[in-house]
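Only the coordinates and a few stated rules stand behind these numbers; no lab work does. Just so it is clear, the model here is predicted, and its values are computed rather than measured. Cβ placement follows ideal geometry from the backbone for every residue including glycine, while neighbour counts extend to all protein chains displayed.
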Amino acid sequence: MRKPLIAGNWKMNLLNSKVPAYFTDLEKAIHGVDRKKVDTLLAVPAPFLATAREHAQRAGTLIATQTIHEKNDGAFTGEISIPILKDLGIDWTLIGHSERRQYYNETDASVAAKTKATLAAGIHPIVCVGETREEREAGKMKDVLKRQMEAVLAVVSADSAFTVAYEPVWAIGTGLTASDEQAEEAHAFIRAIVAAKFPTLAERLRILYGGSVKSSNIQGLLKQPNVDGALIGGASLDPAEFGKTVSLAASV
Ligand code: PGA
């Protein structure tokens, strides 16, 4: 069995000044959880990265940035480079979150470029894929996932260390969660796409589910054979709720 990863994504929320208290509360909430049974990560706004890294260690939580630029330096106002991230001692990033694809024109090609650059630099990317509601209703879910995954698979190798997050866009921030069966169907499909090219990688690849995950639905999702964790937006903002979700994940 793959060890589950419970990842939070704060998006553009919380404040740097609240970060120490968040980790104090998270530490309390997950005190006693067997950390051999679950990994935890939080993707925080860039200005909080250093503070989060300092305090997250107490809660045994990895820290990630929410996006990364594929170039090492240059005139790219507002962007974060891999050397900037590494200098902070952080080696995880989200790539291609649907909000980045939707509002900042990220494409399969830019997601692939970012994935390639991070893997080459020893940064662990969590690459996000998922269909919109219109695509699902038009029966195109599998076509979309295949297209998104093939762009990623073109730049990885059998021993690459990365994670995939399946996040159906219609379930993000809407309170609409995919059913356990819908999640499992998509995850099994993604794993099969990976297995066609890299069978051993497919076996160890963690595929997280994202879209309105919280403590009340985490266990049903994690019981699915191809669901290896979660990427949690809204419900990661409250450390007690996030901690409860982590605890429940450790006991599935
Ligand atoms: P949500 O967001 O949990 O608020 O639906 C998930 C995500 O976008 O990663």
Go through the stretch 45-94 and name the GluC sites (Glu not before Pro) that are in a DSSP coil and have 15 or fewer other Cβ atoms within 10 Å of their Cβ. Glu79
Please return the longest stretch of the chain lacking exposed loop sites, where chymotrypsin sites (Phe, Trp or Tyr not before Pro) count only if DSSP places them in a loop and at most 13 other Cβ atoms lie within 10 Å. 105-252
Along the stretch 22-39, Karplus-curve 3J(HN,Hα) (6.51, -1.76, 1.60; θ = phi - 60°) to the nearest Hz, with x for Gly and Pro, reads 4, 6, 4, 5, 5, 4, 4, 5, 10, 4, x, 6, 6, 6, 6, 9, 7, 9
Would you kindly state how much longer the chain becomes between Thr24 and Arg58 on full extension, computed as 0.36 nm times their sequence separation minus their alpha carbon distance, in nm to one decimal? 11.4 nm
Modelling each spin label as a point 7 Å along the Cα-to-Cβ direction, I'd like the Lys3/Thr200 distance in nm, to one decimal. 2.0
List, in order, the whole-Hz ³J(HN,Hα) value for each residue of the stretch 196-209 obtained from phi through the Karplus relation with A = 6.51, B = -1.76, C = 1.60 and θ = phi - 60°; use x for Gly and Pro. 4, 9, 9, x, 6, 4, 4, 5, 9, 5, 8, 10, 8, 9
What is the extension gain from Ala109 to Glu181, computed as 0.36 nm multiplied by their sequence separation minus the C-alpha to C-alpha distance, in nm to one decimal? 22.9 nm
Structure shown: which of Lys37/Lys140; Lys11/Lys142; Lys86/Lys140; Lys116/Lys223; Lys71/Lys214; Lys3/Lys28 lie over 30 Å apart, alpha-carbon to alpha-carbon? Lys37/Lys140; Lys86/Lys140; Lys116/Lys223; Lys71/Lys214
Which residues qualify? For Ala230, with a placed amide H closer than 5 Å and at least 5 residues away or on another chain, they are Leu5, Ile6, Ala7, Tyr209
Using a 7 Å offset from the Cα along the Cα-to-Cβ direction at both Lys223 and Phe76, what is the distance between the two label points in nm, to one decimal? 4.4
Sorted by chain and then number, the residues having a modelled amide H within less than 5 Å of the amide H of Val213, at least 5 places away or on another chain, are Gly233
Given only helices, namely DSSP H runs of n ≥ 4 each adding -39500 (n - 2.57), what is the per-residue ellipticity at 222 nm of the chain, to the nearest 500 deg cm²/dmol? -12000 deg cm²/dmol
Quotient of C-alpha Rg and 2.2 N^0.38 Å, computed over the chain: 0.94
So which trypsin sites (Lys or Arg not before Pro) in the stretch 22-101 are both in a DSSP loop and have at most 11 other Cβ atoms within 10 Å of their Cβ? Lys36
Full extension between Leu15 and Asp159 adds, at 0.36 nm per residue less the Cα distance, a length in nm of 48.1 nm
